[in-house]
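S.K.: Sharing a structure with you now.
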Amino acid sequence: MVEYNLAKVGVEGSNPFARSRSVKAVVRSERCCVDRGGKDAGGEASFVNLIELNMKIIIANWKMNGNVGFVKLFIEKINQVSTNNRIIVCPPVSLVSFFGNFRYHVGAQNCFSRIAGAFTGENSPQLLKELGCSYVLLGHSERRAIFAESDDFVYEKWLAAVEQNLMPIVCVGENLQDRTRSSEILTRQLSRYQQKDLHNTIFAYEPVWSIGTAKIPSAQEISTTVAFMADMLAHSINYNIVYGGSVNAANAETILACPGVDGILVGGASLDIDEFRSVIENCNVELLETDQKIPSRTRNS
Ligand code: PEP
């Protein structure tokens, strides 16, 4: 078992994703000071407090799709879009190096739990960082189902990603047969992540029955589930919760407006460049302009 020194991980001194309501007003007055769509110099993710800046998170998961030509077209079109939200695109890892001139962020779809060694076919978080990834999807339902990834294994990967300052996007969610007991499934999947500092983890609530099916939970169901997750993580800081499952240009804005939802994870619709562009454009609104629309929970302990 690899020993991880969590004390030294994370972003020195800053708390980019913290959601303390108490600093909201202060940060709002400073919102113009950051590049709200792009990267910091050097291609690093901007470690700013997204939520305090009214930014939402829009993640594209290409799965094992796309090619070099598609990347070029995608970059050409998506680079033309200005947004006040954070865009993260997760292509197959073999395409990451073609994203050099992408104005937004790039993530991987998986990583291994070790930094180096005899692990044929795997990629370490360190290598992914070198390649230009700032984020990594972990525990996607397809990896849990097809590659039998357990909650423990996903957590080991999380530790390794955090150790390398690669921001994890941990996917959780229930299968169709477990729909009526989603809280039990989420409790099991999230129980390992109840430490104080979650190191900028994004948790993606993805009901498996919603992925690629055009079936989505009601806004009420999404908010209730996200509130349940936030309750589980009530003693933690530095995390966000996004929703994934059949998100498209027509429903993205509504889903983003659900109380407690910090962003969306888009699968199939991100492979249609015009559709994904519309997702970004449709969500490019001041969703959190009034206190009424701001989720009431606080993610600082
Ligand atoms: C996914 O695979 O994570 C996903 C959300 O897919 P889709 O948007 O196609 O349902």
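FYI, it's all coordinate maths here, none of it is from the lab. Small disclaimer: the values here were computed from a predicted structure and weren't measured. Because the Cβ atoms are built from the backbone with ideal geometry, glycine has one as well, and the counts that use them run over all protein chains shown.
S.K.: Hey, got a sec? Which trypsin sites (Lys or Arg not before Pro) in the stretch 154-221 land in a DSSP loop and have at most 16 other Cβ atoms within 10 Å? The partial results should precede the final answer.
M.R.: Details: sites: K157, R179, R181, R188, R192, K196, K215; in loops: K196, K215.
Here the trypsin sites (Lys or Arg not before Pro) that fit, given the DSSP loop and packing criteria, are K196, K215.
S.K.: Continuing with this model, one more query. What nm distance separates the two modelled labels at S218 and E184, each placed 7 Å from Cα along Cα→Cβ?
M.R.: Those two pseudo-labels are separated by 2.3 nm.
S.K.: Expected output is a single nm value to one decimal: the length gained when fully extending between N67 and N79, i.e. 0.36 nm times separation in residues minus the C-alpha distance. What is it?
M.R.: 2.6 nm
S.K.: Please work out the C-alpha center-to-center distance from the stretch 58-107 to the stretch 199-262 and express it in whole Å.
M.R.: 22
S.K.: Count charges around G245 for me, please; just the other residues with Cβ under 13 Å from its Cβ, Lys/Arg as +1, Asp/Glu as -1. Mind dumping the intermediate values first?
M.R.: Working: positive: R179, K215; negative: E142, E174, E206, E221.
Summing Lys and Arg as +1 and Asp and Glu as -1 gives -2.
S.K.: Mind giving me the FRET efficiency for D272 and A234? R0 is 35 Å, r the Cβ-Cβ distance, nearest 0.05 is fine. Before the final figure, lay out each step's value.
M.R.: Working: r = 38 Å, r/R0 = 1.09.
The pair D272/A234 has a calculated efficiency of 0.40.
S.K.: Further question on the same structure: Please list the non-local residues whose amide H lies under 5 Å from the amide H of G244, H modeled 1.01 Å from N, same-chain partners needing a gap of 5 or more.
M.R.: Counting only residues 5 or more places away or on other chains, the set is Y205, E206, L265.
S.K.: On to the next question. Where does the Debye-calculated log10 I(q)/I(0) of the stretch 67-206 sit at q = 0.18, 0.22 Å⁻¹, using only Cα point scatterers of equal weight, no solvent?
M.R.: Those come out to -1.06, -1.33, one per q.
S.K.: Can you compute the modelled spin-label distance between E130 and L176, with each label point 7 Å from Cα toward Cβ, in nm?
M.R.: 4.4
S.K.: For the stretch 124-172 and the stretch 264-279, what is the centre-to-centre distance using only Cα atoms, to the nearest Å?
M.R.: Between the Cα centre of the stretch 124-172 and that of the stretch 264-279, the gap is 22 Å.
S.K.: Okay, moving on. For the stretch 184-253, list log₁₀ I(q)/I(0) at each q in 0.25, 0.28, 0.29 Å⁻¹, using the Debye formula over Cα point scatterers of equal strength and ignoring solvent, two decimals each.
M.R.: -1.16, -1.32, -1.37
S.K.: Quick one: what are the phi-derived ³J(HN,Hα) couplings along the stretch 220-227, Karplus 6.51/-1.76/1.60 with θ = phi - 60°, whole Hz, x for glycine and proline?
M.R.: My calculation for the stretch 220-227 gives 4, 5, 4, 5, 5, 5, 5, 5 Hz in order.
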